[in-house]
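See below for the structure under consideration.
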Amino acid sequence: MPRTKEFDPEEVLDQAMELFWEQGFEATSAQDLVDRTGLSRSSLYNTFGSKQELYLQALDHYRRQGATGGEGLLDQFGSARAAIRHLLDEGIPRQGEKRGCFLANAAVERAHCDDETHERACESLARMHEVFRILVERGQAQGEFSQEREAESMAHFLANTYFGMQTMAKLDLPMSVFEDVVEGAVRALE
């Protein structure tokens with residue numbers, strides 16, 4: 001009779017995600033994962049497979065946590081401008097926070113050499129683009145934003161602005177730099 005798991009796989013994914021987020025894939029050893037999660041190597045590998053599989057599951061876990069749709073943001077904030085500002089403000093790293101976005105970090109570290117990480121990064125960028133496109137189209141329809149530029153191109157600009165800020169978080173730049181970026185991005189919609 002197989003033994004029942006004596007740990008919560010979601011909690012272990014959370015711990016692995018935090019470790020990969022802090023150190024990156026290459027710098028994280030199997031022993032680091034054992035130390036962080038408190039599980040044996042055999043329990044880790046029997047449950048999650050290889051280090052690569054655990055990394056991808058941790059990345060998926062991260063992606064599920066941040067999934068928000070454009071329509072929901074419109075309902076929450078009442079205007080496309082406020083929703084876009086909120087999303088971009090969420091992209092500003094907190095003072096002293098140098099981790100950036102786990103997904104942006106994964107794209108920089110692994111997308112060029114790992115097809116599965118590449119696919120996940122592209123899917124997430126496309127999802128973020130879609131949210132921004134919905135918001136820009138709504139803002140244009142309601143007269144909040146200029147209709148001179150296509151919503152599609154503005155959504156690309158905004159999604160790349162968001163991920164760019166997350167990547168630059170590693171440099172520990174002054175908060176004012178990120179605030180200027182957000183202000184400039186919102187002004188570009190007018």
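So that you can scan it fast, the table gives a plain yes or no per residue for (1) of a type in the set (A, V, I, L, M, F, W, C); (2) surrounded by fewer than 19 Cβ atoms within 10 Å (Cβ to Cβ):
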position: D115; (1), (2): no, yes
position: A126; (1), (2): yes, yes
position: I134; (1), (2): yes, no
position: Q140; (1), (2): no, no
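Can you say whether F25 is assigned to a helix (DSSP H, G or I) and outside the structural domain of V108 (by TED's automatic domain parsing), as far as the supplied structure shows?
Values: assigned to a helix (DSSP H, G or I): no; outside the structural domain of V108 (by TED's automatic domain parsing): yes.
Judged against the criteria, F25 is not a match.
What's the number of the only condition in (1) outside any helix (DSSP H, G or I); (2) surrounded by fewer than 17 Cβ atoms within 10 Å (Cβ to Cβ); (3) out of contact with any Lys or Arg (no Cβ under 9 Å at 6 or more places or on another chain) that E53 fails to meet?
(1)
If you go through the range 163-190 one residue at a time, how many are surrounded by 12 or more Cβ atoms within 10 Å (Cβ to Cβ) and either in contact with a Phe, Trp or Tyr (Cβ under 9 Å, 6 or more places away or on another chain) or not aliphatic (A, V, I, L, M) (or both)?
14
Can you confirm whether the range 138-150 contains a residue that is of a type in the set (K, R), part of a helix (DSSP H, G or I) and touching a Ser or Thr at 6+ places or on another chain (Cβ under 6 Å)?
Narrowing the range 138-150 to residues of a type in the set (K, R): 138, 149.
Restricting the remaining residues to those that are part of a helix (DSSP H, G or I) gives 138.
When the remaining residues are screened for being touching a Ser or Thr at 6+ places or on another chain (Cβ under 6 Å), the result is none.
Within the range 138-150, none of the residues are of a type in the set (K, R), part of a helix (DSSP H, G or I) and touching a Ser or Thr at 6+ places or on another chain (Cβ under 6 Å).
Here are the criteria: (1) modelled with pLDDT under 95; (2) under 22 Å from the mean Cα position of the chain (by Cα). Tell me which single one E6 does not satisfy.
Among (1) modelled with pLDDT under 95; (2) under 22 Å from the mean Cα position of the chain (by Cα), the lone unmet condition for E6 is (2).
So L74 fits all but one of (1) buried (at least 17 other Cβ atoms within 10 Å of the Cβ); (2) modelled with pLDDT of 90 or more; (3) in a helix (DSSP H, G or I); what number is the exception?
Every condition holds for L74 apart from (2).
The values are calculated or read from the model by the stated rules, or taken from the named source; none is laboratory data. Computed from a predicted structure; not experimentally measured. Backbone-built Cβ (ideal geometry, glycine too); neighbour counts: all protein chains shown.
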